Amino acid sequence: MVDRILVVDDDQSLREFLTITLVRDGYEVDAAGSGAEALRRVAEAPVDLALVDLRMPGMDGLETLRRLKEVNETISVVIVTAFSTTETAVQALKEGAYDYLIKPFTVAELKLVVGKALEERRLRWENLRLRREVELRYTVGNMVGKSPKMQDLFSTISRVADSKATILLTGESGTGKTVLAKTIHFNSSRKDAPFVAINCAAIPQELMESELFGHLRGAFTGAIANKAGLFETADGGTLLLDEISEMSTHLQAKLLRVLEDREIRPVGGTKPVPVDVRIVAATNRDLAQAMARGAFREDLFYRLNVIAVNLPPLRERREDIALLANHFLQKFASESGGPAKVLAPEALACLERCPWPGNVRELENIIERAVTLESGPIVRIESLPESLRRPPEPLPHRVELPPEGLDLDAIMERIECDLIRQALERSRGVQSRAAQLLGTGLRSFRYRLQKYGMADRTDDLAQERSQGDNS
């Protein structure tokens, strides 16, 4: 499709020069001698780019720019002026101009600016199209996705959001379990009541009972006043128990009783307090393995696992990356009060190649960083971290597939265990350093230690390091 350009200038000779030059480059060109005439032309037929003279009788260039943007938000505008000052340029850019040309300019300068302006306009239009598509078809609350797995998840949410059933959310760190819990809450009849979240790994276990159930004055040292727990705070609403696998077995027994009886007993109290709370639990651990080790109660698991929802990792739904990236670009634009930036095609291609071990949370952080570093309207690949732009390193050796086949999971587990063991030995048991050597987060690394039963190996190495330091 041929791009349409509108030349707006009261100088007839310049209008004719620009028209002839741009037509030779294959553009469809129209011309107007004033701002008012330009508005009429834009109303008659769509325009992709307008070259607008700054100094015109009647409606000047800046006013024409404002009015054109009101008629067509996706139109690109380049201001043409012989009276450029810093103030004029800044004002034009604030009003939404893509760039400005200073008279006299060369044909090469004209072609360069026009080409870049049309590229920016195409990217902005694609961004707008994607955003509207997301809003209409691929969004539930703050969850975004068009992949089959996410569409199935959205379907499940629509069926269970308004029930009273307990929900167990599983998925890797960063996949959006907290966002999903909020989406469930705000799509239910409880949406006007509180949504309360607690991270079971972030609070010392000795304080956890008081935090959940509250306490009475004098119940323990420091309890100088009655305190309502989170169950009472969330009464009528939803309580998210994040990282439920980190809860002590002692407290798990008390939580089980609350789920069965729908009443709590504050620390130091003797009278039960009825509560009406919808429980959503979340974990990135394998609760089946935790039950096998005796670290998680089987009866509590069945109480929580009434409705199980698994969030897929981002690497398993790459078709959602463009939607998510544009969603975050719009989010950060709203927070800053400026126009949304757009991703250059090569930047998007880079994002779609990445393995995303940190999932959606990592993608959001990358987009925020790129938006902050990028001064122009287009987020180019140079604004992405160098580690993302670097092509993946080839495997050190090729594994041959035997004729009889193999157990892929078992082989991958052996390779992973061996690499973790090497990283621990090289870091002398310092988990944060070992995680860095493997290019993974500390939480993910600790999860793997538990998964493969290697936590004792860390303790042994730490003890060896301590003995070596003391000798």
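The values are calculated or read from the model by the stated rules, or taken from the named source; none is laboratory data. Bear in mind that the values here come from a model prediction, so they are computed numbers and not experimental data. So basically every Cβ, Gly included, is an ideal-geometry build from the backbone, and we count neighbours across all protein chains shown. To get the accessible areas, we keep the full protein, side chains included, count just its heavy atoms, and leave off ligands, DNA and RNA. Shrake-Rupley method; radii C 1.70, N 1.55, O 1.52, S 1.80 Å.
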Could you please find all residues in the range 226-258 being in a helix (DSSP H, G or I) and either in contact with an Asp or Glu (Cβ under 8 Å, 6 or more places away or on another chain) or farther than 23 Å from GLY171 by Cα (or both)? LEU230, PHE231, GLU232, THR233, HIS250, LEU251, ALA253, LYS254, LEU256, ARG257, VAL258
Looking only at the range 288-329, count every residue that is of a type in the set (A, V, I, L, M, F, W, C) and either touching a Cys at 6+ places or on another chain (Cβ under 9 Å) or in a helix (DSSP H, G or I) (or both) and tell me the total. 15
Farther than 30 Å from PRO355 by Cα and touching a helix residue (DSSP H, G or I) at 6+ places or on another chain (Cβ under 8 Å): does that describe PHE186? no
Report whether or not ALA347 is within 15 Å of the chain's Cα centre (by Cα) and among the aliphatic types (A, V, I, L, M). no
Scan of the range 81-117 for residues that are part of a strand (DSSP E or B) and under 39 Å from the mean Cα position of the chain (by Cα), ordered by number: ASP99, TYR100, LEU101
Residue, nearest to ASP242 (Cα to Cα), within the range 165-201, restricted to residues that are of a type in the set (Lys, Arg) and modelled with pLDDT of 90 or more: LYS177
Out of the range 131-164, which residues are under 27 Å from GLY441 (Cα atoms), buried (at least 18 other Cβ atoms within 10 Å of the Cβ) and at pLDDT below 90? MET143, VAL144, GLY145
Filtering the range 185-225 for residues that are open to solvent by 80 Å² or more (accessible area, probe 1.4 Å), part of a loop (DSSP other than H, G, I, E, B), of a type in the set (A, V, I, L, M, F, W, C) and closer than 22 Å to SER248 by Cα leaves a count of 1
Filtering the range 29-44 for residues that are within 40 Å of the chain's Cα centre (by Cα) and open to solvent by less than 30 Å² (accessible area, probe 1.4 Å) leaves a count of 2
Failed condition for ALA347, given (1) closer than 16 Å to ARG380 by Cβ; (2) among the small types (Gly, Ala, Ser); (3) open to solvent by 80 Å² or more (accessible area, probe 1.4 Å): (3)
Residue list for the range 404-443, restricted to those being surrounded by fewer than 17 Cβ atoms within 10 Å (Cβ to Cβ), closer than 19 Å to GLY358 by Cβ and touching a residue at least 24 places away in the same chain (Cβ under 8 Å): GLU416, GLY439, ARG443
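Answer with yes or no whether ILE167 is within 26 Å of LEU324 (Cβ to Cβ) and either among the hydrophobic types (A, V, I, L, M, F, W, C) or surrounded by fewer than 16 Cβ atoms within 10 Å (Cβ to Cβ) (or both). Quick ask: steps written out before the conclusion?
Numbers: within 26 Å of LEU324 (Cβ to Cβ): yes; either among the hydrophobic types (A, V, I, L, M, F, W, C) or surrounded by fewer than 16 Cβ atoms within 10 Å (Cβ to Cβ) (or both): yes.
Yes; evaluated as a whole, the condition is true for this residue.
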Determine whether THR283 is β-branched (Val, Ile, Thr) and under 30 Å from PRO148 (Cα atoms). yes
Looking at ARG257, ARG293 in this structure, which one is charged (D, E, K, R) and touching a strand residue (DSSP E or B) at 6+ places or on another chain (Cβ under 9 Å)? ARG257
Would you check which residues across the range 278-322 are in contact with a Gly (Cβ under 9 Å, 6 or more places away or on another chain), open to solvent by less than 70 Å² (accessible area, probe 1.4 Å) and either within 25 Å of ASP235 (Cβ to Cβ) or among the basic types (Lys, Arg) (or both) and list them? ARG278, ALA282, THR283, VAL309, ARG317
Would you check if there is a residue in the range 264-271 being in a helix (DSSP H, G or I) and open to solvent by 30 Å² or more (accessible area, probe 1.4 Å)? no
Residue ID - modelled with the lowest pLDDT, chosen from residues in the range 373-403 that are among the β-branched types (Val, Ile, Thr) and either loosely packed, with under 11 Cβ neighbours inside 10 Å or farther than 23 Å from GLU335 by Cβ (or both): VAL399
Looking only at residues in the range 1-28 that are assigned to a loop (DSSP other than H, G, I, E, B) and hydrophobic (A, V, I, L, M, F, W, C), which one is surrounded by the most Cβ atoms within 10 Å (Cβ to Cβ)? VAL2
Being open to solvent by 10 Å² or more (accessible area, probe 1.4 Å), within 34 Å of the chain's Cα centre (by Cα), closer than 23 Å to LEU180 by Cβ and not hydroxyl-bearing (Ser, Thr, Tyr) narrows LEU230, LEU241 down to just LEU230
For the range 72-91: of the residues being more than 21 Å from ARG122 (Cβ to Cβ) and open to solvent by less than 30 Å² (accessible area, probe 1.4 Å), which is modelled with the lowest pLDDT? ALA89
